[in-house]
Amino acid sequence: MDPNCSLCTREKRTPQPYEDGICWTTFCSDHNEPMVVASDHVELPASEIVRHMALVANMLYPGRIWRVRGSMPEHFHMHAEGWKDTEVRDDSSEA
């Protein structure tokens, strides 16, 4: 853990709906996209951890394309591509 890393300290993060010791999920406060974050502060985790993170990503957010963001390369994480373009319809106000 790096005390200067906002992913390690989880600063300004929205609720984290999933955590398993290998990775955790949240929504990016800058891009409003789902993120899967490595639990350990590492630039590039072992391939089995990256595969595990991809499985979690696709289990929780199926059909999304995942990419690695370059804004925080010191802590491995992935973002769901095109999430902002997804329309969310709220039918709760219709009678």
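Values quoted throughout were computed directly from the atomic coordinates according to the rules given, and no laboratory measurement underlies them. Just so we're clear, the structure is a prediction, and the values are computed from it rather than from any experiment. A quick note on method: Cβ atoms are made from the backbone with ideal geometry, for glycine too, and the neighbour counts reach across all protein chains shown.
For segment 6-83, give the magnitude of the charge dipole about the Cα centre (Cβ charges: +1 Lys/Arg, -1 Asp/Glu; no others), in debye to the nearest 20. Mind showing how you got there, number by number?
Details: 7 positive and 10 negative charges, 40 e Å.
In total the dipole reaches around 200 debye.
Please compute the length gained on full extension between I65 and T9, using 0.36 nm multiplied by the number of residues separating them and subtracting their Cα-Cα distance.
Values: separation 56, 0.36 × 56 = 20.16 nm, distance 2.64 nm.
The I65-T9 span can extend by a further 17.5 nm.
In whole Hz, what ³J(HN,Hα) sequence does segment 40-56 give by Karplus (6.51, -1.76, 1.60; θ = phi - 60°), x for Gly and Pro?
Per-residue couplings from phi come out as 8, 7, 8, 5, 9, x, 4, 4, 5, 6, 4, 4, 4, 4, 5, 4, 4 Hz.
With an 8 Å cut-off on Cα pairs and a minimum separation of 6 or more residues, tell me the relative contact order of segment 6-83 in percent.
On the way: 123 pairs, mean separation 21.9, N = 78.
Result for segment 6-83 is 28 percent.
S47 versus D20, label points 7 Å from Cα toward the beta carbon: distance in nm?
1.9 nm
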